[in-house]
1. Would you check which residues across segment 62-80 are surrounded by 12 or more Cβ atoms within 10 Å (Cβ to Cβ) and either in contact with a helix residue (DSSP H, G or I) (Cβ under 8 Å, 6 or more places away or on another chain) or at pLDDT below 90 (or both) and list them?
2. Would you kindly identify the strands (runs of 3 or more DSSP E) lying entirely within the chain that contain at least 2 residues that are touching a Ser or Thr at 6+ places or on another chain (Cβ under 9 Å) and away from the ligand (no atom under 16 Å from the Cβ)?
3. Considering only residues that are without any contact (Cβ under 8 Å) to a residue 24 or more places away in the chain and either surrounded by 15 or more Cβ atoms within 10 Å (Cβ to Cβ) or more than 23 Å from residue 7 (Cα to Cα) (or both), which ones fall in segment 18-59?
4. I'd like the residue in segment 53-69 that is touching a strand residue (DSSP E or B) at 6+ places or on another chain (Cβ under 7 Å) and small (Gly, Ala, Ser) and, out of all such residues, is farthest from residue 8 (Cα to Cα).
Amino acid sequence: MSLEEDVKMHTRRFEAGLPVFYGEACSLCGRNEGFRVHDCRPRTFRLLRDGYVWIVRSGIWRWRCLACRGCFTDYPPLPCRTNAL
Ligand SMILES: [Zn+2]
């Protein structure tokens, strides 16, 4: 799948409220199971297509670890900006 298709798939799932977890473990305590969605944050993705930069409004999920009660952001392996537009 191309990067553009990856971004579109991610955005469709975000808009549909279907969270995707990309990471393998809690970034705070290292557990790799037992999370629930804590929040959604708006993010934009930038794609190069035909010599233009396409900006796609999307979002990423924040998760709460049920073991350590910490929250962390799960960044997808996509070219997302670190701040929202
Ligand atoms: Zn944890």
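The values are calculated or read from the model by the stated rules, or taken from the named source; none is laboratory data. What you see is a predicted model, and the numbers here were worked out from it, not measured in a lab. No Cβ is skipped: glycine too gets one built from the backbone with ideal geometry, and neighbour counts run over all protein chains shown.
1. 75, 76, 78, 79, 80
2. It comes to 35-49, 52-65.
3. 30, 32, 33
4. 59
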